[in-house]
Structure formats: C-alpha cells, structure tokens
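Reviewing the structure listed below.
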Amino acid sequence: MMAFDTELARFNMVEQQIRPWDVLDKRVLETLFKIPREHFAPAEQRKFAFSDTALPIGHGETMLPPVVEGRILQAVAIEPQERILEIGTGTGFLTACLAHLGHSVHSVDIHADFTAAAAERLKDFGLERIVLETGDALNGWASNERFDVIIISGALQAIPESYRQQLNVGGRLFAIVGTAPVMSAVLVTRRADDHFVTENLFETCTGYLHGAEPKPQFSFG
C-alpha cells in the first residue's frame with residue numbers, strides 16, 4: 001500500500017479546495033500551509049484532516065471544513081497588530097492560524113477538555129500571546145474589553161448585541177447565522193461607535209454554539 005503523503009495532501013487541500021473557493025490572500029494561504037491541520041485533528045480523524053468535510057471532535061461539535069476556515073481567515077483580514085476574540089476553541093487549529101496572523105488571541109470554549117487539549121497542541125508550536133479559557137460565552141466574554149476581530153465558530157440564530165459592542169471601531173466580527181439547513185456566513189464591520197455594516201459572505205451550515213440551539217416550537221391544535 002502506498003504511504004500517505006501528508007505534504008501532498010496539504011498542498012491539494014490548499015490548492016484544490018481552498019484557493020478555488022476564492023481564498024486568494026497570500027498571508028492566509030501561507031498560514032494554512034504552515035500550521036499543520038493534522039496535528040489538531042483528533043487522533044481517530046487525522047487521516048481525514050485534509051478532507052473537504054467537517055470532522056467530529058466530541059460533544060457533538062465539529063472541526064469546520066478547510067474551505068470555511070480559509071474563507072473566515074480571508075474575510076476578517078487580520079493585521080499583525082490586531083487583538084482577536086475567538087468563541088469556540090474546538091481543537092485549537094483556527095486559534096493557531098489566528099495567532100499566526102495577528103498579535104494576540106483570547107479564545108473561549110465551554111468544554112474544559114477542549115481547552116486543555118488545545119493548550120497541549122498549541123504549546124508544541126511556540127505560539128505566544130494566546131489566552132485559553134473555559135466558559136459559557138454565548139452572551140459575551142471579557143465584556144470590559146474590545147477587540148479588533150471577533151470570530152464565533154458555532155452557529156447562532158442572531159448575533160448578540162454584546163459582541164457587536166466589543167468591536168473596536170474598524171473591527172470585524174464573523175458569525176454563521178440562521179436556521180439549518182441553510183445558514184449565512186456574515187461579516188459585521190464597526191464603522192463608527194453607532195454604525196455597523198453587515199455583509200453576507202456565503203451560505204453554509206454548521207452546528208449551533210452551545211446554548212444557541214433553536215427552542216422547540218409547540219403548537220396546540
């Protein structure tokens with residue numbers, strides 16, 4: 001049996017999946033080549049790390065498909081001096097990409113085992129200025145701080161106002177909003193203290209952020 005060629009698989013992921021989906025930003029593509037996605041995938045999923053699919057990672061959560069990760073990184077257009085808030089650490093892969101592109105990352109996950117495992121994976125790469133915390137961040141986190149970029153990796157029915165208020169002027173927030181099976185990836189940009197612009201980027205579908213699932217609708221006939 002032919003040995004699995006990790007670098008060829010990585011090349012194909014970037015050049016045949018991500019780039020054709022209009023991810024053309026040079027820094028983003030270089031980051032996706034540099035940060036080893038397979039290192040962050042759960043052991044039983046590593047052979048699928050470069051596949052164009054969401055990977056189960058436990059607790060009913062998934063690792064986003066590579067093309068979605070690429071589109072997120074391109075959409076928020078992180079500058080080297082910018083501070084980032086990530087809601088949903090997951091495996092830590094996107095966290096590593098964000099840290100590589102920006103100045104610092106504050107990442108929060110509701111699952112303590114995700115936080116611990118991500119910390120172990122991240123320390124292998126010498127990425128500094130990353131703070132990992134465990135907590136329920138559905139309604140905002142570190143609310144006395146503002147960030148240049150906020151990424152919410154689980155779906156929401158609507159973006160809480162608390163997150164919009166945590167953006168610096170000029171800051172960008174990425175979220176996936178809507179009801180399955182069709183959701184919209186959106187980018188919110190804060191143009192001024194009281195002026196926000198929302199752009200629909202693409203259609204996708206992913207699991208809801210823990211606690212953001214739609215409430216059952218009961219009817220009485």
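The values are calculated or read from the model by the stated rules, or taken from the named source; none is laboratory data. Remember, it's a predicted structure, so these values are computed and weren't measured experimentally. Please note: Cβ atoms are built from the backbone with ideal geometry, for glycine as well, and neighbour counts cover all protein chains shown. In case anyone asks, the SASA skips ligands and DNA or RNA and just uses the protein heavy atoms, side chains included. Shrake-Rupley method; radii C 1.70, N 1.55, O 1.52, S 1.80 Å.
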*Solvent-accessible heavy-atom area per residue, rounded to whole Å², over the stretch 54-212 at 1.4 Å*: 40 Å²
*Please turn the phi angles of the stretch 60-71 into ³J(HN,Hα) values with the Karplus equation 6.51 cos²θ - 1.76 cosθ + 1.60 (θ = phi - 60°), one per residue in order, whole Hz, x for glycine and proline.*
x, 9, 9, 8, 4, x, x, 5, 5, 4, x, 5
*Give me the aspartates and glutamates in straight-line cross-link reach of residue 123: C-alpha distance below 20 Å, same-chain residues under 8 apart excluded.*
38, 86, 109, 113, 133
_Dimensions (Å) - the chain, Cα atoms, principal axes, largest first_ = 58, 52, 34
*asked:* Quick query: amide H of residue 147 versus all other amide H atoms, modeled in the peptide plane; which residues come in under 5 Å with a sequence gap of 5 or more or a different chain?
replied: 167, 168
*asked:* To test your reading of the geometry: what angle, between 0 and 90 degrees and rounded to tens, separates the Cα axis of helix 112-123 from the longest principal axis of the chain?
replied: 50 degrees
*With contacts defined as alpha carbon pairs under 8 Å and 6 or more residues apart, what's the relative contact order of the stretch 1-110 in percent?*
24 percent
_For the chain, size of Cβ-based charge dipole, Lys and Arg +1, Asp and Glu -1, in debye_ = 200 debye
*Take every Cα pair under 8 Å in the chain that's 6+ residues apart, average their separations, divide by the length, and report that relative contact order as a whole percent.*
14 percent
*Calculated diffusion of the stretch 5-76, Stokes-Einstein form, Kirkwood radius summed over Cα pairs, 20 °C and 1.002 mPa s, µm²/s*: 174 µm²/s
*Give me the number: length gained by fully extending residue 142 to residue 24, i.e. 0.36 nm times residue separation minus the C-alpha to C-alpha distance, one decimal in nm.*
39.2 nm
*Of the heavy-atom accessible surface of the chain (probe 1.4 angstrom), what whole percent is carbon and sulfur?*
53 percent
_Cross-link candidates for residue 47: which lysines have Cα within less than 20 Å, leaving aside residues fewer than 8 places away along the same chain?_
34
*Scan the chain and report its longest stretch carrying no GluC sites (Glu not before Pro) that are both in a DSSP loop and have at most 15 other Cβ atoms within 10 Å.*
1-127
_Restricting everything to alpha-carbon atoms, can you work out Rg to Rh for the stretch 49-162 with a Kirkwood hydrodynamic radius?_
0.93
*asked:* To the nearest 20 Debye, how big is the dipole of the stretch 1-92 about its Cα centre, given +1 on the beta carbon of each Lys and Arg and -1 on that of each Asp and Glu?
replied: 80 debye
